[in-house]
Ligand SMILES: Nc1nc2c(c(=O)[nH]1)N[C@H]1C(S)=C(S)[C@@H](COP(=O)(O)OP(=O)(O)OC[C@H]3O[C@@H](n4cnc5c(=O)[nH]c(N)nc54)[C@H](O)[C@@H]3O)O[C@H]1N2
Ligand SMILES: Nc1nc2c(c(=O)[nH]1)N[C@H]1C(S)=C(S)[C@@H](COP(=O)(O)OP(=O)(O)OC[C@H]3O[C@@H](n4cnc5c(=O)[nH]c(N)nc54)[C@H](O)[C@@H]3O)O[C@H]1N2
Ligand SMILES: [Mo]
């Protein structure tokens, strides 16, 4: 029996995975979290939690956690550190950034973050007030292309309205039951399936969803835009569009229809490998069953056709009359409280500084939402082109693992960057290369407004469960303090909790009141375009995008072959005959995280690459063999998993693999890191600079 204080249960919102958002109760005993229970009343997660939540308990006190601010002593990557008091650490960072700004301009400091987490508003606030337009994120190829396309079309992102039971769900490049991404949790799709929705899945790989689907379109990686245009071809030719919507709410339909002439099902079959009759059948079901919803994921976006695929999919939703209708794809709008852009102080960045955003003259769509493709930052660091970048300040990104062309990233972080600051919860191969390391608190260790950055319309109180370990501080608190030290004390808060009050004020509550509440919601309003049109010059949904033409891009969506594909020359294909898709989400791990957890590692100890038994047999590879995967950028090792759920011409490899047990400073970062094989260089998606993470070429050989 445990002694001391009796157990208490604190209601909060899990963020054991980066996107988080599941309602939980955490049992606390003697000041320590001891168990996590699902909150069955949470309207987004509906009683779901996953094993990463439970593993959070064992990671709280893992020996690799960063507990103190530290400064590097000795050479980069040597692994020698000296502890610093917080005030000194932030003082050093502020002093150095201010000096660089005075000498080279604020734009020569690039802030950065990884996947969507809830402190970003503070990071943008600091960057914008400091005066740099450059914030490097994974947004060029993850989710943000959808946001940017919607913005260009005069709307906000439409998400599946699961609470009104779609009669058909088209799941496209989304491993939803496992990935539980940004805006939603897989439980909602699971419940919709249990209630008997018709299911169509577009995915190169078999999974639990394709097993349950009425139709599985096993697409060739990187060809989604062609497939979407093929379905639109059928829908338009067969007159299955919502005529009223086309007539009243679109422009450019004739040009669009002519473009679709290029994508009849037989042509699309040759491009995508999906049989023409399946394309026709999927188009007919999706267009005629009402309401139908589209659940899409990054499988669509991580290739050179990213924006065109996203655009084609939005048109698919809209032209079939499924936009902003109950049970279709709904624009939920911003959650209660202060609009995020206001908190982030986007207006504080002067136009002259905004114009200096790296790559803005080239990746024009990305620039409309302040998103940058990585190579432009690396080019600036390496060649001073168009101006030198001297410092990187990166919060919550194990960039060495997550960014494309990892060897180049290593070169930059270990040799080329003048001043590198990293804030993380754990020691990682990336933090090992920093000049100053800042220890971040976990989600259990601070109060926050959960899901404020999402677009499902809810916000929840994330109540602090325990005090931070060591000297760790939440990212919010770190950034708040950094903002003050950089000379913007009047724009930040003396006490962090005051910033929560500031956000909540327009909703009419204080943090102390909100923390007792289950949630606040802005209820969805349907069919908004019927009353207010679209926020485009025409007030309608433009199918021919003049803005795109003005930028020198194709104004209509289309398809181009990925830079590496079976269309390449024979000499190339002889060396790299297999199509490689990377990063399909796995249950145990989020990005490169959680490899430190003994519980999670036990059931998934090694990096896996899936290949078809025929492809394996041709290479003398047996299930469980260690193999080497090669691309023109290099090679990595993984364990082969023989799997007939991928095409014999396709292999699927996990991402994010490093080995905390191998110890600092190297942690075996390059051995199995699939991003050693991916590329950051053009040709990329013209609008966003999206990189090819799904759809490049490789060879696999037995070790
Ligand atoms: N080949 C390939 N590469 C990919 C992808 C792919 O599919 N294939 N996916 C891409 C996508 S979609 C994305 S979004 C990116 C993700 O890119 P990143 O988000 O950079 O991914 P991670 O490497 O997991 O790095 C997250 C880091 O944040 C730390 N961390 C966790 N919580 C906190 C916190 O609260 N505060 C702080 N300061 N640190 C924290 C973790 O310890 C970890 O080191 O990866 C991309 N890379
Ligand atoms: N457990 C766990 N959850 C996560 C993450 C994690 O690392 N682990 N990462 C988070 C992040 S950052 C993100 S962005 C989301 C992503 O979540 P999802 O959007 O679901 O992303 P993925 O699992 O990478 O890929 C989705 C599906 O695309 C398929 N696919 C691969 N190539 C192609 C292709 O060329 N075309 C099509 N149509 N499909 C393809 C894959 O087989 C996979 O089933 O998940 C988030 N949630
Ligand atoms: Mo992502």
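Each reported figure results from applying straightforward, stated rules to the coordinates on display, with no laboratory input. All values reported here derive from a predicted model rather than from experimental measurement. So basically every Cβ, Gly included, is an ideal-geometry build from the backbone, and we count neighbours across all protein chains shown.
What the table below lists for this structure:
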quantity	calculated
Whole-angstrom Cα spans of region 28-181 along principal axes, big to small	60, 51, 26
Cβ-Cβ FRET estimate between residue 619 and residue 666, R0 fixed at 45 Å, reported to 0.05	0.95
Relative compactness, region 565-703, computed as alpha-carbon Rg over 2.2 N^0.38 Å	1.06
Cβ-Cβ FRET estimate between residue 212 and residue 702, R0 fixed at 35 Å, reported to 0.05	0.50
Stokes-Einstein D in µm²/s, Kirkwood radius over Cα pairs - region 142-265 at 20 °C with 1.002 mPa s viscosity	131 µm²/s
Label zone at residue 75 (point 7 Å along Cα-to-Cβ), backbone N below 16 Å, region 394-414	411-414
Cα→Cβ-extended label distance, 7 Å offset, between residue 10 and residue 606, nm	4.1 nm
Computed label-point distance, nm, for sites residue 505 and residue 98 using a 7 Å Cα→Cβ extension	2.7 nm
Listed peptides 671-684, 559-572, 258-271 by packing density, highest first (mean Cβ within 10 Å)	671-684, 258-271, 559-572
nm² value of the averaged projected area, convex hull over the Cα atoms of region 415-511	8.3 nm²
Share, in percent, of DSSP beta bridges within the chain that are antiparallel, nearest 5	50 percent
Ordering of 502-509, 276-283 by packing [mean C-beta count within 10 Å, highest first]	276-283, 502-509
Cα pair distances exceeding 21 angstrom across region 293-382, given as percent	55 percent
Distance between modelled label sites at residue 521 and residue 538, nm, 7 Å Cα→Cβ extension	3.6 nm
Full-extension gain in nm, residue 30 to residue 62, via 0.36 nm per residue minus C-alpha separation	9.7 nm
Region 245-355: radius of gyration and largest Cα-Cα distance (Dmax), Å	18.5, 54
Range of Cα positions in the chain per principal axis (Å), largest first	68, 62, 61
Global size of region 479-638 as Cα Rg and Dmax, reported in angstrom	26.7, 67
Spread of Cα-to-Cα distances over 10 Å intervals beginning at zero, given as percent, for region 31-117	12, 22, 30, 19, 15, 1
Listed peptides 595-604, 436-445 by packing density, highest first (mean Cβ within 10 Å)	436-445, 595-604
Whole-number percent relative contact order across the chain, with pairs defined as alpha carbons under 8 Å at least 6 apart	19 percent
